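A short write-up of the structure that comes next.
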Amino acid sequence: MTELEEHAEALTIAGNDSDGSAGMPADLHTFYALGVYGLGLLTSAVAGNSKGIFAQQLMPVDFINRQFQVLNDDYVIKASKTGMLGSKEVIHAVAENLKKFKMQNIVVDPVITTKHGATLLEDEAYQTFLDELIPLATIITPNFYEAQKLAEIELNNDDDIRKAAQILQNMGAKNVLIKGKHTGDESEVRDYLLLEDSSEIWLSKPYFETNRVNGTGDTLSATIAAELAKGNDIKNAVEIAKDFTYYALSHPIKVGTLYGPINHGAAQKDYENKQ
C-alpha cells in the first residue's frame, strides 16, 4: 500500500459566494494553491455574480455548531480563518466553538466594511464581534475603513495607522495587519503589520488598476492561515500573503462581465517557482 502524503489542514469559516470569486470559494482556491487541504464551515450563502449580490441566507446556529463538532472529531485543524459571519448569533456561535475546541492560529478577517467604506454588519452584531471574536485573533486583517471603524479614529497618516493597530492589540488581537487604501489615487498600496512583540513592518506593492478584484481580502487572509497551518511564523506568512495576493491581482483573467475574480492559478505558479 502506498504511504499517504502528509497534508496540513486549514479551515475557512465563511459564506459561499455562488460565483466562486470571494468568500469560501476564494479561501479554498487559496488553500489548494498553497498546498494545504482546505475545510469549509458554511455560515451563509449569497446569490451573486460579477455584477453584484442579489440574495443571501444565513445558516442556522445549530447547523454551524454541528459543523464544528464533526470537523473537530475527524481532522487536525492547524489554522482557521473567519470571513462573513453576518449576525450576532452566528458570531457568538463561532467564538464559542473556537474556544470549545481550543482552535489555534485564528485569522480574523473582519468583514464589516467594504473597501469603499460601506457598512456590512448591524450594530448589535458589530459589538459582539468586538467583544467575543477579536480577543481570539492570532491576527486580525482589517481593510483601511474597517481599521478606522474598529479603532474609532481617522487614519490620515502613518502615525494614525500605528495608533489604530495598537488599539486593536489592546482589544485582544495578538497581531494586526491594516491593509492600505487602494482607491486609485495612490501609486502604491502600503500595508502595516504590528507584531505581538511590538515590532512593525510596512509592506508595499505598486497600485494595479483592474476591476478584477473580487476575493482579494479573502485571499490575503486565507494565505496567512495556510502558511500558519504549515508551521510558518506570522511575519513570513504575511509577507507571502502580500506577494501571493498581488500576483493574483496583477494577472487578471476574463471571468464574468464586471467585477471578476483574481487569478489564483497564476499566483500558484509564481509561489511554486519561489519554493
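Look through region 189-198, keep the residues that are more than 15 Å from Asn143 (Cα to Cα) and touching a Lys or Arg at 6+ places or on another chain (Cβ under 8 Å), and return whichever of them is least open to solvent (accessible area, probe 1.4 Å).
Leu195
In contact with a strand residue (DSSP E or B) (Cβ under 9 Å, 6 or more places away or on another chain) and free of Cβ contacts under 8 Å to residues at least 24 places away in the same chain: which single residue out of Glu188, Glu196, Glu227 fits that description?
Glu188
Kindly provide the set of residues from region 202-231 that are among the polar types (S, T, N, Q) and surrounded by fewer than 19 Cβ atoms within 10 Å (Cβ to Cβ), ordered by number.
Ser204, Thr210, Asn211
Output the number of the condition that Asn236 fails; it satisfies all remaining conditions of (1) in contact with a helix residue (DSSP H, G or I) (Cβ under 8 Å, 6 or more places away or on another chain); (2) surrounded by 19 or more Cβ atoms within 10 Å (Cβ to Cβ).
(2)
Got at least one residue in region 124-138 being modelled with pLDDT under 95, surrounded by 14 or more Cβ atoms within 10 Å (Cβ to Cβ), of a type in the set (A, V, I, L, M, F, W, C) and in a loop (DSSP other than H, G, I, E, B)?
No, the conditions are met nowhere in region 124-138.
Looking only at region 245-254, decide whether some residue is surrounded by fewer than 15 Cβ atoms within 10 Å (Cβ to Cβ), of a type in the set (Val, Ile, Thr) and over 16 Å from Pro142 (Cα atoms). Let's see the steps before the verdict.
The first filter runs over region 245-254 and keeps only residues surrounded by fewer than 15 Cβ atoms within 10 Å (Cβ to Cβ), leaving 253-254.
Restricting the remaining residues to those that are of a type in the set (Val, Ile, Thr) gives 253.
From the residues that got through so far, the ones that are over 16 Å from Pro142 (Cα atoms) too are 253.
The answer is yes, given that some residue of region 245-254 is surrounded by fewer than 15 Cβ atoms within 10 Å (Cβ to Cβ), of a type in the set (Val, Ile, Thr) and over 16 Å from Pro142 (Cα atoms).
Within region 159-177, is even one residue at pLDDT below 95, open to solvent by 30 Å² or more (accessible area, probe 1.4 Å) and farther than 24 Å from Leu121 by Cβ?
So far as region 159-177 goes, no, none of its residues is at pLDDT below 95, open to solvent by 30 Å² or more (accessible area, probe 1.4 Å) and farther than 24 Å from Leu121 by Cβ.
Residues that are in contact (Cβ under 8 Å) with a residue 12 or more places away in the chain and open to solvent by 20 Å² or more (accessible area, probe 1.4 Å): list the strands (runs of 3 or more DSSP E) wholly contained in region 35-114 that include at least 1 such residues.
Values: elements: 37-49, 52-58, 77-82, 106-108.
Ranges flagged: 37-49, 52-58, 77-82.
Just name the residue that is nearest to Ala248 (Cα to Cα) out of those in region 1-23 that are within 15 Å of the chain's Cα centre (by Cα) and open to solvent by 20 Å² or more (accessible area, probe 1.4 Å).
It comes out as Asp17.
The values are calculated or read from the model by the stated rules, or taken from the named source; none is laboratory data. Quantities reported herein were computed from a predicted structural model and do not represent experimental measurements. So basically every Cβ, Gly included, is an ideal-geometry build from the backbone, and we count neighbours across all protein chains shown. Heavy atoms of the whole protein, side chains included, go into the accessibility calculation; ligands, DNA and RNA do not. Shrake-Rupley method; radii C 1.70, N 1.55, O 1.52, S 1.80 Å.
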